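Please read the structure below before turning to the comments.
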Amino acid sequence: MSLPPIFAKLRLPVIGAPLFIVSTPDLVIAQCKAGIVGSFPALNARPQAVLDEWLHRITEELAAWDRDNPDRPAAPFAVNQIVHRSNDRLEQDMATCAKWRVPIVITSLGAIPELNQAVHGWGGITLHDVINDRFARKAVEKGADGIIAVAAGAGGHAGTLSPFALVQEIRDWFEGPIALSGAIANGRSILAAQAMGADIAYIGSPFIATEEANAEAGYKDGIVEGRANDIVYSNFFTGVHGNYLKRSIEASGLDPANLPEGDLKTMNFGGESAKKAWRDIWGSGQGIGAIDRVQPAGAFIAELGKEYEAAKAALRQKAAL
């Protein structure tokens, strides 16, 4: 299907995933200027009043870019909202998003019809991330415009299903926008996501190894030097299963092979305990073997674009055989 008009300015079918702590206006603005959706978690703006400052800056800088570059307009940006009950900032953060008419709101860990209606009221759309078909159906029933299918190998809070299986089940009944998340780190993978039935690739971990990312040097080096075997899947740190860099777990004095089970009851995405988990235990997806250096986000996106076009040309040749 064709994407909603809000995606018309994309020069590459990619959403830069919201990265807790790591995504700030510097990265979002660079992503949007390079032609992909840039995003950040609302909870990255601390204290809450800072969210207004961030949205002001992003809106103004992208508008200025559009005035100066009418032939290469910026892509829209997105704000990620954690809908779990532990997020006591949700109402305030949504009010701030309404003030700035945020184009895309990405919801996680819960779906609320009233939130979707509010976003529609100011002309935006909502995308909800899910790890299985059942959650996808619930999200659409509650008014989400699109689905982010978080498959095995994705960074952060990832699922366990093959992307082939997950996209196949959702696309069987859903005609709206689907973004696919899970170890996508080059142009070939973007095209593969579309071939499977997704519309957009959802890329997170590679952007940690960019100059604009709010990540310490050791974290960026871990992305550059890491491979798929360096990723550990555990629910110990937040109560929800996620993928993390093994070296950060070892540096915290823990044994990656013998982590205790986490407790969902203690999950708190807005508090300092959650911030510490992501600051000290570094989230990462399995696709980082494709990342070999730290570079500006715009340069990485340009590489993705060249790889994507080359992959399309190569596939056309194969299809002609």
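So if I take the centroid of the Cα atoms in the stretch 173-196 and the same for the stretch 117-146, what is the distance between those two points in Å?
The stretch 173-196 and the stretch 117-146 have Cα centres separated by 18 Å.
What percent of all Cα-Cα pairs in the stretch 1-59 falls into each 10 Å bin, going from 0 up to the bin containing the maximum distance?
23, 49, 24, 4, 0
Once the principal axes of the Cα atoms of the chain are found, what is the range along each, listed largest first in whole angstroms?
Cα extents, longest axis first: 50, 50, 40 Å.
Have a look at the DSSP beta bridges in the chain and tell me what percent are antiparallel, nearest 5.
Looking only at bridges with both residues in the chain, the antiparallel portion is about 15 percent.
Return one quarter of the surface area of the convex hull spanned by the alpha-carbon atoms of the stretch 164-261, equal to its mean projected area, in nm².
Across all orientations, the stretch 164-261 yields a mean hull projection of 8.0 nm².
Among the listed pairs Lys9/Lys312; Lys99/Lys138; Lys138/Lys246; Lys33/Lys220, which have their C-alpha atoms separated by more than 24 angstrom in this model?
Lys99/Lys138; Lys138/Lys246
What is the Cα coordinate range of the stretch 102-183 on the first, second and third principal axes, sorted by size from largest, in whole angstrom?
Here the spans come out as 35, 26, 18 Å, largest first.
Please state, as a whole number in µm²/s, the translational diffusion coefficient that the Stokes-Einstein equation yields for the stretch 78-217 at 10 °C and 1.306 mPa s, with Rh defined as the Kirkwood radius across alpha carbon pairs.
The calculation lands on 102 µm²/s.
Once you sort the root eigenvalues of the Cα gyration tensor of the stretch 150-215 as a ≥ b ≥ c, which label holds: rounded (a/c under 1.5), prolate (a/b larger than b/c) or oblate (the other case)?
prolate
Are there chymotrypsin sites (Phe, Trp or Tyr not before Pro) in the stretch 107-213 that DSSP marks as loop and that have at most 14 other Cβ atoms within 10 Å, and which are they?
The qualifying sites are Trp122, Trp173.
As a footprinting exposure proxy, order Leu51, Leu10, Leu62 by other Cβ within 10 Å, with the fewest listed first.
Leu10, Leu62, Leu51
Using just the helices of the chain, give the 222 nm mean residue ellipticity in deg cm²/dmol: DSSP H runs with n ≥ 4 each add -39,500 (n - 2.57), and the total is spread over all residues, rounded to 500.
Calculated from helices alone, the mean residue ellipticity at 222 nm is -11500 deg cm²/dmol.
Report the Stokes-Einstein translational diffusion coefficient (µm² s⁻¹, integer) for the stretch 60-102, Rh taken as the Kirkwood radius over Cα pairs, at 37 °C with viscosity 0.692 mPa s.
The diffusion coefficient I find is 266 µm²/s.
Output the relative contact order of the stretch 34-149, whole-number percent, from Cα pairs under 8 angstrom with separation of 6+ residues.
For the stretch 34-149, the relative contact order is 22 percent.
What is the dipole size for the stretch 25-147, taken about its Cα centre, with +1 at each Lys and Arg Cβ and -1 at each Asp and Glu Cβ, in debye to the nearest 20?
Roughly 280 debye, rounded to the nearest 20.
Bear in mind these aren't lab numbers, they're just calculated from the coordinates by the rules spelled out. All figures in this text were calculated on a predicted structure; none of them were measured in a lab. Neighbour counts run over all protein chains shown; Cβ positions are idealised from the backbone, glycine included.
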